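Notes to accompany the following structure.
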Amino acid sequence: MSNVESIAKKTPASNRIATLSIDGKNVSFPVYDATEGQSVIDITKLYGETGLFTYDPGFLSTASCESKITFIDGDAGILRYRGYDIDALAEKSDYLEVAYLLLNGELPNAAENKNFKRTITLHTMIHEQLHFLFRGFPRASHPMAVMAGAAASLSAFYHDSLDINIPEQRELAAYRLIAKMPTLAAMAYKYSIGQPFIYPQNDLGFSENFLHMMFSTPCEKYAVNPVLARAMDKILILHADHEQNASTSTVRMAGSSGANPFACIGAGIASLWGPAHGGANEAVINMLREIGDVSQIPEFIKKVKDKQSGVKLMGFGHRVYKNYDPRATVLRKTCQEVLAELGKIDEPLLKIAIELEKIALSDEYFVERKLYPNVDFYSGIIYRAMGIPSKMFTVLFAVARTSGWIAQWKEMMEDPKNKIGRPRQLFTGSAPRQFVTLDKRK
Ligand code: CMC
């Protein structure tokens, strides 16, 4: 069976065919329909038929894989995991239940839920030797540098979950990654401020345990505020997956070569670090600080509109959402709840953020370009109110996204069509030329 036939058999059938006319030759390509959203033209035989590649920098029109995990309708502002709306999950579910859903395709029943939570809880500790890895980093290291290294280094410790061809080992690696990322994240923070590492507590929930590892010390009892634990859990749910974004595509690309899951997640963390992706919430706080006062907003907006300035309104705009980011809608409310709980409703940065949002939503420049607040616009303000330093923001994104990354990696590994990812290029470099020895070069 040809590759095209095998995809067509497994993908919703479509009666449509796309025809490309090139150099007097017509070539037809099958169209596959999605359950929801955009159909795709299967161009796998394009090169064989025409000797041409497609060219699509930034993947503006390219589906890189088939997936059943997450659906986004950017125009309507819809995000669903396995068919469930993100706002329903954020309001009614919890992070570990959502992680189970992403990994397994269905919400767990009561017994599955209990079992999954217990399993994750039993994997939260990290190998004691890993403490020395942390101690090798300068204290001033960016915690994302530490996280990329620490996540990948798990592959040096857990040899019984490295065989990607054994489903049980893949599953064990998934549990370990979801369970250990909050521990690593809290350790990265504690190390940066010179405080002792705090071990996980098995009697605490996932988010509660994370906040406990972040903020408690061995000297005093520390009770996690339940409003903050719930807000953290919601943030984790909202960031858990987002279909084929840059870091997830990085995880899939790394995994396509057969690399182990810990190494793949390390690669995903590196990709997430960039300010156009996961680094944006840190950039939002830096931007709000730079603006400094509500009176400075018009001047700042002027700079944003001036293309020569290179200044962007951080936390606004999205490659996929050309409407309000549904995650931002949930977080806007959570942000107010957290600030009210902490008595920080008059927080100056929040005032700037609210005014900025008001102006941007009515300004022609942003309206025309459909630039709405994205999830990062509010998450940074919530984190700041909780006392989480801005360098840790992207780390929290990585903690949340680990369940999505590993679910996407697992889906790819279980897909019989999985091949090594190997894009091609439009070469515009030099034509062949003769080597000139050093003594003859001008
Ligand atoms: N401020 C000012 N102008 C903007 C912004 C912004 N934040 N975002 C886009 N534009 C302009 C852009 O200059 C372009 O204008 P023109 O048509 O005149 O050239 C137009 O809007 C279209 O933008 P684009 O750059 O083609 O859009 P993109 O899809 O390539 O970029 C983005 C998406 C998220 C990288 C971009 O909007 C951005 O840099 N936003 C700020 C960073 C940010 O908040 N990132 C977090 C994304 S959400 C978290 C996640 O899912 O990773």
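The values are calculated or read from the model by the stated rules, or taken from the named source; none is laboratory data. This one's a predicted model, so the numbers in the text were calculated from it and none came from an experiment. Neighbour counts are summed over all protein chains in view; Cβ atoms, including those assigned to glycine, are modelled from backbone coordinates with ideal geometry.
In the set (1) in contact with a Phe, Trp or Tyr (Cβ under 9 Å, 6 or more places away or on another chain); (2) in contact (Cβ under 8 Å) with a residue 40 or more places away in the chain; (3) of a type in the set (Ser, Thr, Tyr), TYR199 fails one condition alone, (1). Determine, yes or no, whether LYS305 is within 10 Å of the ligand (Cβ to nearest atom) and either more than 30 Å from SER249 (Cβ to Cβ) or β-branched (Val, Ile, Thr) (or both). Judged against the criteria, LYS305 is a match.
Taking VAL395, is it touching a strand residue (DSSP E or B) at 6+ places or on another chain (Cβ under 8 Å), under 29 Å from SER207 (Cβ atoms) and either in a helix (DSSP H, G or I) or within 13 Å of the ligand (Cβ to nearest atom) (or both)? Considered against the rule, which asks whether it is touching a strand residue (DSSP E or B) at 6+ places or on another chain (Cβ under 8 Å), under 29 Å from SER207 (Cβ atoms) and either in a helix (DSSP H, G or I) or within 13 Å of the ligand (Cβ to nearest atom) (or both), VAL395 comes out as no. For ARG252, indicate whether it is part of a helix (DSSP H, G or I), of a type in the set (Lys, Arg) and surrounded by fewer than 22 Cβ atoms within 10 Å (Cβ to Cβ). Criteria not met by ARG252.
With respect to the conditions (1) part of a helix (DSSP H, G or I); (2) surrounded by fewer than 16 Cβ atoms within 10 Å (Cβ to Cβ); (3) free of Cβ contacts under 8 Å to residues at least 60 places away in the same chain, ALA140 falls short on a single one, namely (1). Of all the residues in the stretch 332-357, those that are among the charged types (D, E, K, R) and either within 15 Å of the ligand (Cβ to nearest atom) or modelled with pLDDT under 90 (or both) number 6.
Would you call SER249 hydroxyl-bearing (Ser, Thr, Tyr) and under 24 Å from GLY105 (Cα atoms)? Answer is yes for this residue. Within the stretch 110-137, the set of residues being in a helix (DSSP H, G or I) and surrounded by 15 or more Cβ atoms within 10 Å (Cβ to Cβ) comprises ASN113, PHE116, LYS117, THR119, ILE120, THR121, LEU130, LEU133, PHE134. Scanning the stretch 279-302 for residues being farther than 26 Å from ILE269 by Cα and either within 7 Å of the ligand (Cβ to nearest atom) or among the aliphatic types (A, V, I, L, M) (or both) gives a total of 4. In the set ALA280, ALA276, only one residue is without any contact (Cβ under 8 Å) to a residue 60 or more places away in the chain, closer than 30 Å to PRO423 by Cα and of a type in the set (A, V, I, L, M); that residue is ALA276. Taking the listed residues ILE406, ILE382, the one that is away from the ligand (no atom under 14 Å from the Cβ), modelled with pLDDT of 95 or more and under 30 Å from ARG176 (Cα atoms) is ILE406, with no other qualifying. Among residues of the stretch 238-252 that are among the aliphatic types (A, V, I, L, M), those with a beta-carbon under 9 Å from a residue that is at pLDDT below 95 and more than 11 Å from the ligand (Cβ to nearest atom) at least six positions away or on a different chain give the pairs LEU238/PRO326; LEU238/VAL330; LEU238/LEU331; LEU238/THR334.
Within the stretch 35-62, the residues that satisfy the criterion of being surrounded by 15 or more Cβ atoms within 10 Å (Cβ to Cβ) and aliphatic (A, V, I, L, M) are VAL40, ILE41, ILE43, LEU46. Residues in the stretch 311-331 that are more than 13 Å from the ligand (Cβ to nearest atom) and assigned to a loop (DSSP other than H, G, I, E, B): ASN323 alone. Filtering PHE53, PHE59 for residues that are within 16 Å of TYR321 (Cα to Cα) and either of a type outside the set (D, E, K, R) or out of contact with any helix residue (DSSP H, G or I) (no Cβ under 8 Å at 6 or more places or on another chain) (or both) leaves a single hit, PHE59.
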